[in-house]
Amino acid sequence: MQVGAKAPDFSLTDQHGNTVKLSDFAGKKVVVYFYPKDNTPGCTRQACAFAENYAGFKTKGVVVIGISKDSVPSHKKFAEKYALPFILLSDPDLQAIQDYGVWQEKKLYGKVSMGVVRTTFIIDEKGMIEKIMPKVKPDTNAVEILAAL
């Protein structure tokens, strides 16, 4: 993925069981953030930071979408538990995760495994990638994106 490239479209299910496509938001700026797992400490802090700053995104007319490989029921519980006001998409087949290049080798305590590398994309009104923020910090990601917008 590169800045200026067309953002890959996706068709995934949200926490309410609805099918959501990136192309549904043509004409709007979209923030798509990929995260490893619901209800883990870093991912929870990141989601809550987006929720705390959500009014700022809404004011700017920006759609916020979080994507992980967790199931729809997992997303539903996660969203309800933390009152997350934005879209969470389930990508169990790694469709968007691989299309966006965020399924990568990770090292933790010397152990190597494949997983989602926390990455955020800003996609412009024409569906082009405007900004890529790789390996973002969960606590500051939402504020950094608002500043970039």
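List of remarks:
- By accessible area, using a 1.4 Å probe on protein heavy atoms only, the range 8-149 has 53% of its surface on carbon and sulfur.
- Extents of the range 1-77, largest first, come to 32, 26, 25 Å (Cα atoms, principal axes, whole angstrom).
- In the complete set of protein chains, residue-level accessible area for LYS37 is approximately 110 Å², probe 1.4 angstrom.
- Histogram of C-alpha separations across the range 64-105, 5 Å bin width, %: 6, 23, 29, 21, 13, 7, 0
- Accessible surface, per residue, of the range 36-149 when the full set of protein chains is kept, probe 1.4 Å, Å²: 52
- Residue-span extension gain [GLU125 to GLN95] - 0.36 nm each, minus C-alpha spacing: 8.6 nm
- For the range 1-75, the dipole from Cβ point charges (+1 on Lys and Arg, -1 on Asp and Glu) about the Cα centre works out to 240 debye, to the nearest 20.
- Pairs from LYS58/LYS131; LYS6/LYS77; LYS21/LYS107 whose Cα-Cα separation, in the structure shown, is over 29 Å: LYS6/LYS77; LYS21/LYS107
The values are calculated or read from the model by the stated rules, or taken from the named source; none is laboratory data. This is a predicted model, so every value here is computed, not measured. Don't worry about glycine lacking a Cβ; one is built from the backbone with ideal geometry, like all the others, and counts go over all protein chains shown. All accessible areas refer to the heavy atoms of the entire protein, side chains included, with ligands and DNA or RNA removed. Shrake-Rupley method; radii C 1.70, N 1.55, O 1.52, S 1.80 Å.
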